[in-house]
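Enquirer: Have a look at this one.
The values are calculated or read from the model by the stated rules, or taken from the named source; none is laboratory data. Small disclaimer: the values here were computed from a predicted structure and weren't measured. A quick note on method: Cβ atoms are made from the backbone with ideal geometry, for glycine too, and the neighbour counts reach across all protein chains shown.
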Amino acid sequence: MTALIFLIPAALFLGLLGLVAFLWSLNSGQYEDLDSAPYRILFDDENEDPGKTPDKS
Amino acid sequence: MAHAWPQSSVTPPAADAQTDPDTSPPGTAFNASAFVQQTEDGTSALDLVIENLHFPACVQKIERGLNACDAVLKARVNLRTHRLRVLWDVKRMRADAIIQLLSRLGYRAKPFDPRLESASGPAPERALLRAIGVTGFSAANVMLISVSVWAGLVEDMGPATRDFFHWLSALIVLPAIAYAGRPFFSSAGRALAARSLNMDVPISLAVIAAAGMSLWETITGGAYVYFDAAVMLLFFLLIGRYLDMRVRSKARAAAHNLLALGTTSATLMDETGRHQLIPVENLTRGMTLFIAAGEHFPADGVIMSGVSEVDASMMTGESLPQAVKKGAEVFAGTVNVSAPVSLRVTVAGEHTVLSQIVRLMDAAEQTRAKYARLADRAARIYAPAVHVLAALTFLGWLVIAHASWQAALINAIAVLIITCPCALGLAVPAVQVVAVGRLLKKGVLAKAPDALERLATIDAVVFDKTGTLTRGAPTLINAATIGKEDLALAASLAGASRHPLSQALRRAAGSAIPPVPDVTEHPGQGLVALIEGQEIRLGNRAWCAVEEHTTAQMTAASELWLRAPGRAPVRFAFRDQIRPDAARVVRFFRARGFFVGILSGDREEVVSPLAQSIGIEHWRSNMRPGDKIAALQKLKAAGRRVLMVGDGMNDAPALAAADVSLSPSTASDIAQARADFIFQGERLMPVVELYRVAQQARRLILQNFGFALSYNLLAVPLAMAGLITPIIAALAMSASSLLVTTNALRLHVMKSGEAP
């Protein structure tokens with residue numbers, strides 16, 4: 001039973017980690033446009049203009 | 001609509017207010033500077049609505065085109081809302097230049113004020129997602145503990161360990177419920193304050209009662225807690241609510257886009273020729289306005305300078321543009337087709353023909369019977385039933401079984417938990433999300449999700465003629481009698497013109513015709529170009545100096561002439577053609593015993609043959625907007641539920657008066673703003689597809705209600721008998737939710753079928 005002392009906090013911590021990751025992705029606007037997301041991966045990268053900062057989001 | 005106008009734009013900065021009418025391309029006289037926002041780090045941001053954004057590839061094209069500019073820091077397209085956000089350095093590039101760049105890329109963009117939406121915009125959507133995340137986390141972790149407790153009930157878990165686990169569950173669940181239950185609690189509170197019941201009342205009661213009872217059990221060291229059921233209930237219901245909101249917010253975004261794209265501003269021209277953007281509401285009699293080609297006239301008035309053509313099809317149903325020159329009278333809402341003109345306002349605001357139509361429309365809207373949504377009707381029966389059952393259980397155990405009041409209360413709460421309308425809360429939104437997604441793939445945009453329900457019960461369909469049964473754009477009808485070279489030559493000249501007949505000619509010739517350089521357009525007359533030293537003319541009869549003896553060929557159709565030296569003039573005839581599948585659509589609805597009719601503003605000689613050719617018996621011509629409403633009211637008084645399909649401004653009041661309304665995407669802004677659905681493309685078949693999806697959706701929703709009912713018939717007696725344990729409650733909850741969601745997904749694979 002002593003294993004519970006480690007296991008329960010470990011489970012809760014991992015769950016919280018997931019929750020924090022979800023809230024972060026939510027706040028960074030990743031759920032604003034789910035329609036174009038599947039296509040963006042197909043767009044070619046733009047490297048022609050090295051002086052420009054690439055799209056960070 | 002005064003609220004649509006951002007306050008700051010009434011006095012735009014002078015530096016940006018100047019535009020030169022000779023150099024600014026048509027349609028971009030719009031001044032965007034008033035919509036620019038400053039961000040904290042010194043860059044400027046502009047939100048734009050892109051009108052013709054349909055494909056994912058457009059996203060890349062727009063973003064690349066803009067990011068190639070040095071002044072642009074970031075351009076990001078939102079495909080869901082059809083909007084673009086640009087961050088750039090305003091010192092190096094004017095706001096209007098962005099719109100001009102987009103128009104060079106082939107996209108029509110209008111600035112958009114995000115404050116319009118921020119009041120009720122994406123914030124609640126995010127809050128819901130956050131609540132879903134919290135309840136999801138809480139439900140997953142409490143399950144971890146609950147499963148071991150359930151196992152412990154059969155095995156030999158000591159009461160101390162069980163109590164510890166119960167306390168742990170309470171710790172995880174209670175904060176989550178307090179946080180994520182707020183949307184339900186506040187809605188239930190509002191309903192109770194108004195002395196009525198909605199679905200949120202039994203939901204809130206069940207969640208609070210389950211949590212409270214479980215806490216009591218935990219404190220007193222009881223065996224059963226329902227923490228997991230309570231939080232899972234919230235989790236599923238929040239998902240249903242989120243789906244519902246997504247459909248709604250998409251519809252709302254579409255409505256706001258239409259508002260932004262519509263004529264909400266006018267370009268004022270003062271004595272020195274300077275242009276200034278002012279809201280339509282501020283127009284007064286005597287002002288001089290600049291109207292670029294392709295723009296709507298914002299007020300009734302008289303043309304002061306310029307020669308152009310006016311497309312009044314939205315107002316009158318007349319499908320071909322009419323030539324106007326100095327002194328001609330034009331009406332608000334019609335479109336300036338070929339060249340920029342200046343306009344002196346004679347009637348503005350309340351008294352324009354357009355605002356009379358708007359007033360009619362608002363009046364029609366009010367007489368529209370308020371439709372009670374299926375879910376609301378179900379809730380009206382369900383909510384009292386649940387409360388009565390729970391009360392009966394409590395009394396029954398107390399009075400008949402002589403149980404202690406605690407035991408009676410526990411059983412009553414079990415009834416509340418088990419009857420909680422998971423299926424109802426999830427069933428309707430899930431079906432609607434799937435239905436709306438499927439319609440979108442077919443080119444139909446659903447603006448009002450509950451319109452699907454209304455659509456499923458219609459038994460009358462009324463069409464407008466021009467632009468609805470017909471394409472609304474002229475088509476070349478004598479291509480067979482014209483030589484290929486002549487057609488190619490004419491099309492290469494026409495490439496320089498935005499005139500509807502030129503565009504029709506280009507469409508008829510195919511896309512591979514290279515345009516001729518140095519074409520001069522004489523608005524209202526025609527085009528002229530020098531090719532290998534020869535003057536080639538394309539235009540009306542007088543422009544091409546065609547002799548009168550050819551009048552035998554004159555028909556109702558409109559025409560263009562091509563004249564090259566030393567050759568006989570060639571005549572191109574155009575007519576607005578019926579959509580190719582109109583007759584099939586009519587047959588589909590007539591085969592189901594529907595009333596099918598036409599209400600047209602056009603002349604009898606045009607409407608009658610068309611009605612006969614596609615098999616419609618009931619048709620009326622020369623209908624004014626008020627007449628159309630009256631005709632619809634008569635149908636409704638006869639007990640019919642009417643679907644109105646129309647595109648013109650003159651249809652807008654009828655669209656508002658009908659039970660359900662549908663517009664093609666070529667329709668006037670005001671019709672689109674009023675329609676429940678908008679369909680794209682040449683074909684009329686989406687009307688049938690839409691009707692089928694609506695019926696299937698309704699069937700699925702009713703099935704889901706059936707599932708919910710039979711599940712309750714099974715579970716409620718168990719609960720009343722006091723046989724529901726936490727494990728059964730949790731299982732029943734998730735099983736019923738999964739069942740209705742899976743059933744909704746069936747709409748994806750259902751066959752659409754073909755019309756007879």
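Enquirer: Check whether at least one residue in the stretch B:458-472 is in contact with a Pro (Cβ under 8 Å, 6 or more places away or on another chain) and within 30 Å of B:Pro514 (Cβ to Cβ), and report yes or no.
Expert: Yes, the stretch B:458-472 contains a residue that is in contact with a Pro (Cβ under 8 Å, 6 or more places away or on another chain) and within 30 Å of B:Pro514 (Cβ to Cβ).
Enquirer: Also: State yes or no: is B:Ala744 under 21 Å from the mean Cα position of the chain (by Cα) and at pLDDT 80 or above?
Expert: No.
Enquirer: Just name the residue that is nearest to the other protein chains (Cβ to nearest Cβ) out of those in the stretch B:80-107 that are buried (at least 21 other Cβ atoms within 10 Å of the Cβ) and in contact with a Ser or Thr (Cβ under 7 Å, 6 or more places away or on another chain).
Expert: Here the answer is B:Trp88.
Enquirer: Scan the stretch B:97-116 and give yes if some residue there is at pLDDT below 75, assigned to a helix (DSSP H, G or I) and not basic (Lys, Arg), otherwise no.
Expert: yes
Enquirer: Let me confirm something: among B:Ala448, B:Ala403, B:Ala430, B:Ala407, which residue is among the small types (Gly, Ala, Ser) and at pLDDT below 80?
Expert: After ruling out the rest, the residue left standing is B:Ala448.
Enquirer: Condition first: modelled with pLDDT of 90 or more, more than 7 Å from chain B (Cβ to nearest Cβ) and surrounded by 11 or more Cβ atoms within 10 Å (Cβ to Cβ). Now tell me which residues in the stretch A:18-29 satisfy that.
Expert: The answer is A:Val20, A:Ala21, A:Ser25.
Enquirer: Which ones in the stretch B:301-330 are part of a loop (DSSP other than H, G, I, E, B), modelled with pLDDT under 80 and of a type in the set (A, V, I, L, M, F, W, C)?
Expert: B:Ala312, B:Leu320, listed by residue number.
Enquirer: So, one more: Just name the residue that is nearest to the chain's Cα centre (by Cα) out of those in the stretch B:39-70 that are part of a loop (DSSP other than H, G, I, E, B) and within 11 Å of chain A (Cβ to nearest Cβ).
Expert: Across the stretch B:39-70, the extreme among qualifying residues is B:Leu53.
Enquirer: So which residues in the stretch B:133-168 are more than 9 Å from chain A (Cβ to nearest Cβ), over 18 Å from B:Tyr226 (Cβ atoms) and either part of a helix (DSSP H, G or I) or among the hydroxyl-bearing types (Ser, Thr, Tyr) (or both)?
Expert: B:Val154, B:Pro159, B:Ala160
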